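To start, the structure itself, in structure tokens.
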Amino acid sequence: MTAPLRPNNLEAFWMPFTANRQFKQAPRLLVGAKGMYYTDADGREILDGTAGLWCVNAGHAREKIVEAVSSQVAELDYAPAFQMGHPKAFELASRLANMMPSPLDHVFFTNSGSESVDTALKIALAYHRARGKGTKFRLLGRERGYHGVGFGGISVGGISGNRKTFGTLLTGVDHIRHTHDLSRNAFSRGEPEYGAEFADDLEKVIALHDASNIAALIVEPVAGSTGVLIPPKGYLKRLREICDKHDILLIFDEVITGFGRCGTMMGADAFGVVPDLMTFAKQVTNGVQPLGGVVASKAIYDTFMAAGGPDYMLEFAHGYTYSAHPVACAAGIAALDLLEREDGPGRVKALSAHFEAAVHGLKGARHVLDIRNYGLAAGFTIAPVAGEPARRPYDIAMACWKKGFYVRYGGDTIQLAPPFISEKAELDRLVNALGDALAETV
Ligand code: PXG
């Protein structure tokens with residue numbers, strides 16, 4: 001007989017990306033959320049300085065989304081995803097197609113960023129094969145890239161800690177260098193001046209493997225969870241040119257940059273570069289339901305259709321039980337309504353100068369080696385404790401938590417990504433709290 005689960009038994013839940021032993025000694029439990037604030041188990045109000053995990057940008061518990069989800073559960077709670085459809089899936093896909101930079105207009109739904117990345121990589125491989133270029137099998141990523149935790153995503157990803165314990169990963173993967181160059185670009189505001197030539201790494205990797213063997217390159221327009229790395233001026237344009245020259249698909253992983261974070265609808269719009277495939281997730285539902293996807297052009301979609309054989313055959317043997325889940329689609333439609341009605345991207349653009357000035361006001365603060373920002377995202381590099389680079393960011397984040405502020409930490413960085421509904425005074429309070437936490441941390 002199994003023992004009954006005690007309420008608040010913390011043991012059974014094996015927590016993701018969490019120091020379980022440490023957490024369970026002093027748990028941080030969130031029990032409610034509204035607007036910009038969480039409530040913790042002690043009844044304290046916590047300012048949400050990273051919009052959950054970069055996803056709750058319209059703020060928590062927005063009425064229209066709550067209503068849409070509740071009524072969808074009652075109306076159609078689930079519909080089979082394969083060989084059947086439901087109206088909201090088509091409605092959401094059409095909405096998304098209209099918001100994307102041309103020519104991206106066909107949407108494949110998943111449930112997360114990780115699934116979106118693996119889906120995009122599979123589309124890239126199958127696309128080349130469908131057009132008779134099956135030797136183009138190699139996938140390229142970038143150092144420090146974060147593309148979720150599927151085997152595809154960690155293979156093209158470039159964060160060693162997420163890769164090193166998982167065997168051979170995908171074969172046929174290579175990486176270009178990351179663009180973070182503190183020697184020339186420390187304390188850059190917005191796009192760094194130097195480093196477009198990092199894109200030329202791609203030419204080197206192509207020379208090594210030959211373009212006839214390369215399917216795609218995947219990058220985040222702004223690398224988020226590795227510490228908010230902003231692309232140097234001209235860098236993404238140059239990647240685009242090199243991919244075009246060699247018939248290599250360019251994939252933008254827009255799981256963080258999508259839907260406003262950069263002050264434009266998509267990151268691609270901010271940098272004036274359109275990829276061949278784009279992933280999204282997180283903020284498409286304002287974080288309320290798990291939903292992600294990949295957007296492709298009609299040309300790519302039509303290539304699959306043309307190579308699909310008789311029309312009763314599947315054109316792409318891929319999908320998830322919960323692809324285009326009706327409740328997630330309802331949340332997505334309501335969240336995009338809000339994003340457009342409240343002009344989320346415009347609000348980010350309007351707040352970004354204030355946010356930039358505020359975060360760069362911490363230049364010279366204790367432990368801070370670099371500050372960078374774009375839209376409503378900022379990253380801080382924290383001087384490491386000898387031999388323990390990840391320790392001080394944790395201590396700083398915990399000092400913030402004690403003061404009633406939630407910020408993200410990872411590697412040797414602290415990250416801020418406040419909701420788009422932030423008021424200037426709230427941004428100031430967040431940055432001031434971080435400043436105090438830096439000053440107090442040894
Ligand atoms: N791609 C990118 C660019 C991401 O940022 C994923 C893929 C994976 O998404 P899912 O939904 O499978 O987790 C992400 C996720 C952080 C943080 O604190 C960032 C993410 C996830 C958790 C924490 O920066 N990004």
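Distances between placed amide hydrogens fall under 5 Å for R138 paired with I214, A215, all partners being 5 or more residues away or on another chain. The calculated FRET efficiency for D181 paired with K402, based on their beta-carbon distance and R0 = 25 Å, is about 0.15.
In percent, what relative contact order does the chain have, based on Cα pairs under 8 Å that are 6 or more apart in sequence? Show your work: numbers first, answer last.
Working: 878 pairs, mean separation 93.7, N = 442.
Relative contact order of the chain: 21 percent.
If you rank S422, S155, S352 by fewest surrounding Cβ atoms within 10 Å, what's the result?
Lowest to highest Cβ neighbour count: S352, S155, S422.
Are there chymotrypsin sites (Phe, Trp or Tyr not before Pro) in the stretch 50-131 that DSSP puts in a loop and that have at most 11 other Cβ atoms within 10 Å, and which ones? Of the chymotrypsin sites (Phe, Trp or Tyr not before Pro), the ones in loops of the stretch 50-131 whose Cβ has at most 11 other Cβ atoms within 10 Å are F82. Compactness ratio for the stretch 67-341: Cα radius of gyration over 2.2 N^0.38 Å (N = residue count) comes to 0.99.
Tally Lys/Arg at +1 and Asp/Glu at -1 over every other residue whose Cβ is under 10 Å from the Cβ of G404; what's the total? Show your work: numbers first, answer last.
Numbers: positive: R44, K402, K403, R429; negative: D40, E45.
Once all neighbours under 10 Å are counted, the net charge is +2.
Each of the peptides 241-247, 287-293 was scored by the mean count of other Cβ atoms within 10 Å over its residues; in descending order, highest first, they stand as 287-293, 241-247. Label point of F137 set 7 angstrom out along Cα-Cβ; within the stretch 212-226, amide nitrogens under 15 Å from it belong to 212-216. For the stretch 218-229, the Karplus equation 6.51 cos²θ - 1.76 cosθ + 1.60, evaluated at θ = phi - 60°, returns couplings of 10, 9, 8, x, 10, 6, x, 6, 6, x, 6, 9 Hz by residue, with Gly and Pro reported as x. Can you find, among I123, G134, T165, the residue farthest towards the positive end of the dipole of the stretch 106-206? Put +1 on the C-beta of Lys and Arg, -1 on that of Asp and Glu. Selected residue: G134.
Test of understanding: what is the full-extension gain from A383 to R28, defined as 0.36 nm times their sequence separation minus their Cα-Cα distance? Can you show the working numbers first?
Details: separation 355, 0.36 × 355 = 127.80 nm, distance 2.56 nm.
Roughly 125.2 nm would be gained on extension.
Between H175 and G141, the built amide H atoms are under 5 Å apart, and every one of these is 5 or more places off in sequence or on another chain.
Would you please put 133-143, 261-271 in order of how densely packed they are, using the mean number of other Cβ atoms within 10 angstrom per residue and starting with the highest? Don't skip to the end; give the middle numbers.
Working: 133-143: 20.1, 261-271: 23.7.
By packing density, highest mean first, the sequence is 261-271, 133-143.
Checked against a 27 Å cut-off, the cross-linked pairs K88/K349; K237/K424; K136/K204; K282/K363; K122/K245 give Cα-Cα distances beyond that limit for K88/K349; K237/K424; K282/K363. Using θ = phi - 60° in the Karplus curve 6.51 cos²θ - 1.76 cosθ + 1.60, the 3J(HN,Hα) couplings for the stretch 288-301 round to 7, 9, x, 7, x, x, 10, 10, 10, 7, 4, 4, 5, 4 Hz; x is entered for Gly and Pro. Scanning residues 5 or more positions from H246 or on other chains, none has an amide H under 5 Å from its amide H, with H placed 1.01 Å from N in the peptide plane. Couplings 3J(HN,Hα) for the stretch 393-404, derived from phi with the Karplus relation 6.51 cos²θ - 1.76 cosθ + 1.60 (θ = phi - 60°), are x, 4, 4, 5, 4, 5, 5, 4, 4, 4, 7, x Hz, where x marks Gly and Pro.
Values in this text are rule-based calculations from the coordinates and carry no lab data. Keep in mind it's a predicted model, so treat the numbers as computed, not measured. Don't worry about glycine lacking a Cβ; one is built from the backbone with ideal geometry, like all the others, and counts go over all protein chains shown.
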